[in-house]
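All remarks here apply to the structure that follows.
The values are calculated or read from the model by the stated rules, or taken from the named source; none is laboratory data. All values derive from a computational prediction rather than experimental measurement. All Cβ positions, glycine included, derive from the backbone under ideal geometry; neighbour counts span all protein chains shown. The area values use the complete protein model at the heavy-atom level, side chains included, leaving out ligands, DNA and RNA. Shrake-Rupley method; radii C 1.70, N 1.55, O 1.52, S 1.80 Å.
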Amino acid sequence: MRDLYLIRHGKPQYPDEHSYCIGQTDLPLSMLGHLQAVLLHEALSDKISAIYCSPLSRAVDTARHIAPALPHLTVSELSERNLGSWDGLSFDEIRQKWPVIYEARGRNPEYPIPGAETPLESGPRFSQAISRILHSSDGNIAIVAHTDVISSYLWMLHPEISERQKFRLPCGSYYHLRIDTRGNAALSDSHYILPHPDLNDELCQMLRDSVDLPQHVQAHSDAVTELACRLCDILKVHGYLFDQKLIRSGALLHDIARLQKHHTRTGGDLFLQLGYPEISQIISQHHGLKETKLDEVAIVFLADKLIEETQRVSIEKRFADNLHKCKSSEALKSHERQLKQALTLQDMIQSICHTTL
């Protein structure tokens, strides 16, 4: 028996905030998509000996993250279903141009799209490609492709399931199939798998590298991590116990979206979508706490305010050096609020530990 992993690529980067109909339109991975692909690597990289993918960029880039040491064998027949006249258009535009068909597809997702491949065409095309791959390969393999062709293929394998749509899977997830000695495939589980590995230093480093986080930002995050863990150790001596594993991962990742606008909110949203709500809270609050209490979120917040670039500084110096960035009254109020929170936390820890930070 062999294992086959049918993987949907990470989330693509859409042109804007609207929802799009994407078939063979070639879009790169979004920031979230790169992070999803790293989690797939953590789940699958040591389980496969070969990886194949659709030639579309979002699939190729996902495969590169999953198995950087393996050749990425592109197969054109693994491409997503061609969605005809709708391919690459926003759903707002589609609704305006084809209101009757759009409404019909709302009632029946299999209602035909003008000029599109049908599932009865794309499914066999994809199935034949998998058969050729299985017969020309050995060992366990991964195939990075797309939700529509994957769902059509699985529906062909399991016609007892009433609707093809039940096999659709979200970006960054996969199905596990078992292949017998004659090359016949069957699902080992009827549910898709969304990877959620435990975060460790190595995985956090891979996540940072996947989004091209600059080295000086990574060095700052490393310095914040070291100080946050030291604060944990000091507090532990005095009977205050915190989740140091959470603090370490949160500190390593707190500036993951530094290059993005509203980077604390953006980074927090990314990790909430990845399924790490506690990490999301650390990231989203490191420029302002919802409430000033001593917990894991606050420890990372305070450590960040005691590190300028990679150097340990006083809270007063850190805030004074950043005051010039406040270009509005709202920014100035946030700056003052954060300063007050940092000083309050510092006083709390110094009172508990009878020491000066």
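Odds and ends about this structure:
- Solvent-accessible area, 1.4 Å probe, carbon plus sulfur percent, for region 1-158: 52
- Mean-position separation - Cα centroids, region 124-145 and region 207-267, in angstrom: 41
- Accessible surface, region 136-187, averaged per residue in Å² (probe 1.4 Å): 41
- Across region 218-357, C-alpha contacts under 8 Å between residues 6 or more apart give a mean separation that, scaled by the residue count, equals a relative contact order of 24 percent.
- For region 270-357, a crude dipole built from +1 on the beta carbon of Lys and Arg and -1 on the beta carbon of Asp and Glu, taken about the Cα centre, is about 240 debye to the nearest 20.
- Put simply, when 285-298, 26-39, 86-99, 268-281 are sorted by average Cβ atoms within 10 angstrom per residue, most first, you get 26-39, 268-281, 285-298, 86-99.
- Against the set [x] 161; [y] 133; [z] 144, the structure's computed volume of the Cα convex hull per residue in Å³ falls on [x].
- Around the Cα centre of the chain, unit charges on the Cβ atoms of Lys, Arg, Asp and Glu (plus for the first two, minus for the last two) sum to a dipole of about 320 debye.
- Counting only protein chain heavy atoms and rolling a 1.4 Å probe, the accessible areas of K47, K327 rank, largest first, as K327, K47.
- Net length gained if the chain between D321 and S57 were fully extended (0.36 nm per residue, minus Cα distance): 90.8 nm
- For region 304-357 versus region 58-114, the gap between their alpha-carbon centres in whole angstrom: 48
- In order along region 135-150, the phi-based Karplus estimate (6.51 cos²θ - 1.76 cosθ + 1.60, θ = phi - 60°) of 3J(HN,Hα) comes to 6, 10, 9, 10, x, 7, 10, 10, 10, 9, 9, 9, 5, 5, 6, 5 Hz; Gly and Pro are listed as x.
- Residue with peak Gaussian network fluctuation, the chain [Cα springs, cutoff 10 Å], from V237, V211, V149: V237
- Share of carbon and sulfur in the accessible heavy-atom surface of region 239-343 [1.4 Å probe, %]: 51
- Modelled FRET efficiency - R0 25 Å, R230 with K47, Cβ distances, 0.05 increments: 0.10
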